[in-house]
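The values are calculated or read from the model by the stated rules, or taken from the named source; none is laboratory data. In this text the structure is predicted, and so the values were computed from the model without any measurement. In this analysis, Cβ positions are derived from the backbone assuming ideal geometry, glycine residues included, and neighbour counts consider all displayed protein chains. Keep in mind that these areas ignore ligands, DNA and RNA; they rest on the heavy atoms of the full protein, side chains included. Shrake-Rupley method; radii C 1.70, N 1.55, O 1.52, S 1.80 Å.
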Amino acid sequence: MDSGWQSKLARMSRMDWEEIRVRLGQEFHKRSDLLVHRMGMRSWPIQLISDSPARPGQFFCSSDEISERADLLHEYLPGEATEILREADEICAHRFRLLGYENLDFAVNSGGNNFKDIDWHLDPVHGKRAPLDPWFKIPFLDFGAVGDHKVTWELNRHQHLVTLAKARLLSGDEKYSRELMAQWRSWIKANPYPLGINWASTLEVAFRSLSWIWVDHLLTGTSKYEEFRAELAPALAFHGRYIERYLSTYFSPNTHLLGEAVALFFLGTLYPQMPGAARWEESGWKIVLREATRQVRPDGVYFEQSLYYHVYALDFFLYARLLAARSGREIPRPYDDVLTRMLDVVAALAQGGPAEGFGDDDGGRLWNARRNRTEHMTDPLATGAMIYGKEFSAARLTEEAVWLFGNPAVAKLANSGTGPAPRSIAFLDGGIYVLADSQPYSQTMVVDAGPQGVGRAGHGHADALSLRLTMDERRWLVDGGTGVYIAKDPADRNAFRGTGAHNTLRVDGVNQAVADEPFSWTNIPTTVAETWIVGKSFTYFVGSHNGYARLPDPVVHRRHVLKIAGDLCLVRDVAIGKSEHELEIRWHFAPDLEIQNEVRNEVGSARAGRVEISRTGAASDDSGLTLILPEDTVWQTGAEVTSTLLSPAYGAFQPAPLVRCHARVLLPAEVATALVPRGTATRLKGEPRLASMPQAAVQVYELDYHDQSQGFFFALRDGTWSFGPWSSDARALYCRIEKEKLAHLVVIGGTHVQWQGQPMLNMAKPSEFFEWRAQDAVMNALPPEFSVTSLFEQLTGKELSPYAEKH
């Protein structure tokens, strides 16, 4: 018995009887469909039920509303309307924008501009064509055989036909509808079932069905399209039958299964005259409801640990919910709870600017495939705001919202004001920690401390404890993106999902997990959030992972992130081991940022451990960021300023600034990085210095500049530690001294703080934290039992009368 059959039998032994039944049924249909084709019999058209008693559900817009919504688009989003027409003209010329690619030519030969010349089986990026074989015999993950199947499939989703239908409505020009119908008939001719790669994925069939449904409804109300719509309906019915037979229940039960269920629900709800429609409607809705609880973690984070797939799934859920409500179906409360939590995740990530991605970027979208960049990931907030009546500060009027809701969307979203001040929030199940600030402008620092994904983490990246930063509605510290899924060289895939493409620590040049196949990892690390405290004047996170425990000398990476409200953020990275290792931290900045020339010397190293980052061409008083590294530490190399490639969308690449800090050191070792937003309380006049002062019991970092200094104390063991005038048993302590007066104090853990041997703060029992800040009279603690002494008054220059001595 060969290894292939042994592997199949081993897999079958792990299946239950229901899975075996489903898989055997699918295999039977594959072979029987191929036999029918070889006998010269057609699988479609499917005969529709002309006298079906069921009434169709209500689509998002009626035939009477379509023209009105096109007018709204012209009035309120004229740029979007112009872009639709521009892209439609490109489509008529058979030039396509797909994923991150532009101006793709799918012609059989370079001179062909007639619709018959479109090669629906081609990957024009790599010049490869999938064979017209039975779909289940095509190895679509084999780059050598078909190229990148995603490029081929993206065109065959037919979302560009929806663009042509919208262009006809916006312009009144029938050339767009003629091109639409010509391309659709060309596709039908070129894709005889069951042959070709475009039948090889049930999700792709589902996407195509949803596109055809939109086309059908955008062309409704005009008799001239009735003949075409009569051709379209039985083809849709065949797609529905295919989806039902080949649901990804056991193949890829994630967004694949979800998208297929949504398509079934739409077909069954909107086309009751189709055989099986009632069954499709019920089974599709049942699957959607089930997957909402299975695929989404309790805190609202999608289980594949990818923002792009989070938004993908959220769009599916929202569309299904909207159609169900319009068709009179009762919506279960738990389903709405899942969707609102998913919306809250997106809203939290977008408090300081675009919701910065993590994990894989698929490159596709449910509605408008061109809205596939980071700045478009907040689009579901507009839909969610309309469905639930919630206020999301990042929600804006979108083209999608206009088509879905019409005038009510314009009324609610066209003049969206500013929302509440950003707030720190944690999504514990998904491991997403958001450290937010509102001064001097909105800021969102996101720490990824969750699982790498589900199962073998197919769409997760090796990015444990990575950071992303948005400020002032712009991207600053960014994720590297995805690049591509399938390539001639697997390194092309692994480079962007590897640790080096993320803002975290890499040890010995290897990833935190071991890349396996394009959609799997081995040796997946466990990441633990050890501390999460949100005060009124600070937010503090500590987490660790064991991704490097597999090394001959096991290494643990622990990261501390302390955000001081209205001020800087200190990132402390600790590598725990026993031998010498190469440590490297990479800071990836957005492509539109630049490193100020005056802080670079001739060899490209940052002078005095300081790097100034600002927007290209920005004024001196615009938002900016200063990155400061300690001087005179074992990290002798300082910071290297260079460039790297980011992937802003699938298949697209863009140069961007990179700051690299590295050293070969004996472990344990650590380094701290201060990230200071321009315009904060930290006025960086002259040459600010970040000094590292390790002691036996405490690690101290001190940032000195002008007339103030900030101290960061981290205990290295339990018990009391001392440094200079300070003594405490706190796990971490922060202080800011201005003009020789204490201006801000944060104490994490412990029971006491002393100054020059005299008590200044005592806790009734071990505390979680204590904080005091002079500028706004903040005094807060958890638990609230503490006492301060007269020494506290002397050091701060503030009377205790504004505060209670005991809280």
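Per residue Cα convex hull volume for the chain, in cubic angstrom?
With only Cα atoms used, the chain gives 186 Å³ per residue.
Tell me, how many Å apart are the Cα centres for region 363-385 and for region 466-480?
For region 363-385 versus region 466-480, the Cα centre distance is 18 Å.
Run down the aspartates and glutamates and flag those whose C-alpha is under 14 Å from the C-alpha of Lys488, throwing out any fewer than 8 positions away in its chain.
Asp123, Asp142, Asp148, Glu517
Cut-off under 19 Å on the C-alpha distance; same-chain residues fewer than 8 positions from Lys739 excluded. Which aspartates and glutamates are left, in chain and number order?
Result set, ordered by chain and number: Asp567, Glu687, Glu702, Asp704, Asp707, Asp776, Glu793, Glu799.
How would you classify region 135-293 from its alpha-carbon gyration tensor, with a ≥ b ≥ c the square roots of the eigenvalues: rounded for a/c under 1.5, else prolate if a/b is greater than b/c, otherwise oblate?
Because a/c hits 1.5 or more and a/b fails to exceed b/c, region 135-293 counts as oblate.
How much length, in nm to one decimal, is gained on full extension between Lys578 and Glu631, taken as 0.36 nm per residue of separation minus their Cα-Cα distance? Don't jump to the answer; show the numbers that get you there.
Numbers: separation 53, 0.36 × 53 = 19.08 nm, distance 2.39 nm.
Taking Lys578 through Glu631 to full extension adds about 16.7 nm, to one decimal.
Which is farthest toward the positive dipole end of the chain among Thr642, Val162, Val665, measuring Cα position about the Cα centre, with Cβ charges +1 (Lys, Arg) and -1 (Asp, Glu)?
Val162
Charges at C-beta only: +1 for Lys and Arg, -1 for Asp and Glu. How large is the resulting dipole of the chain about its Cα centre, in Debye rounded to 20?
Around 1540 debye, computed over the chain.
For the charge dipole of the chain, defined by +1 on Lys and Arg C-beta atoms and -1 on Asp and Glu C-beta atoms about the Cα centroid, which residue among Gly419, Pro334, Leu203 has the Cα displaced farthest towards the positive pole?
Leu203
Nearest 0.05, what FRET efficiency do Arg615 and Glu785 give at R0 = 56 Å with Cβ-Cβ as r? Walk me through the numbers before you get to the answer.
Values: r = 47 Å, r/R0 = 0.84.
It comes out at approximately 0.75.
First measure r as the distance between the Cβ atoms of Ser67 and Glu18, then evaluate 1/(1 + (r/R0)^6) with R0 = 45 Å and state the FRET efficiency to the nearest 0.05.
Taking R0 as 45 Å, the efficiency between Ser67 and Glu18 is 0.40.
Calculate, for Lys390 and Val778, the FRET efficiency according to 1/(1 + (r/R0)^6) with r their C-beta to C-beta distance and R0 35 Å; round to the nearest 0.05.
0.70
At a 1.4 Å probe, what is the % contribution of carbon and sulfur to the accessible area of the chain?
Carbon with sulfur: 50 percent of the solvent-accessible area.
Working from Cα positions, state the angle (0 to 90°, nearest 10) between the long axis of helix 175-190 and the longest principal axis of the chain.
It is inclined by approximately 80 degrees.
Between rounded, prolate and oblate, where does region 415-483 land on the alpha carbon gyration tensor, with a ≥ b ≥ c its root eigenvalues, rounded for a/c under 1.5, else prolate if a/b exceeds b/c?
Prolate.
Residues of region 89-171: accessible area per residue at 1.4 Å, in Å²?
On a per-residue basis, region 89-171 sits at 36 Å².
Please give the Cα centre distance for region 492-564 versus region 418-436, rounded to the nearest Å.
One Cα centre to the other: 20 Å.
Using only helices, what value at 222 nm comes out for the chain when you add -39,500 (n - 2.57) per DSSP H run of length 4 or more and divide by the total residues, to the nearest 500 deg cm²/dmol?
-10000 deg cm²/dmol
Using a ≥ b ≥ c from the Cα gyration tensor of region 237-332 (square roots of the eigenvalues), is it rounded, prolate or oblate, where a/c under 1.5 gives rounded and otherwise the larger of a/b and b/c decides, a/b for prolate?
Oblate.
Using +1 on the beta carbon of Lys and Arg, -1 on that of Asp and Glu, and nothing else charged, what's the dipole of region 484-555 about the Cα centre, debye to 20? The partial results should precede the final answer.
Details: 6 positive and 7 negative charges, 49 e Å.
Dipole size: approximately 240 debye.
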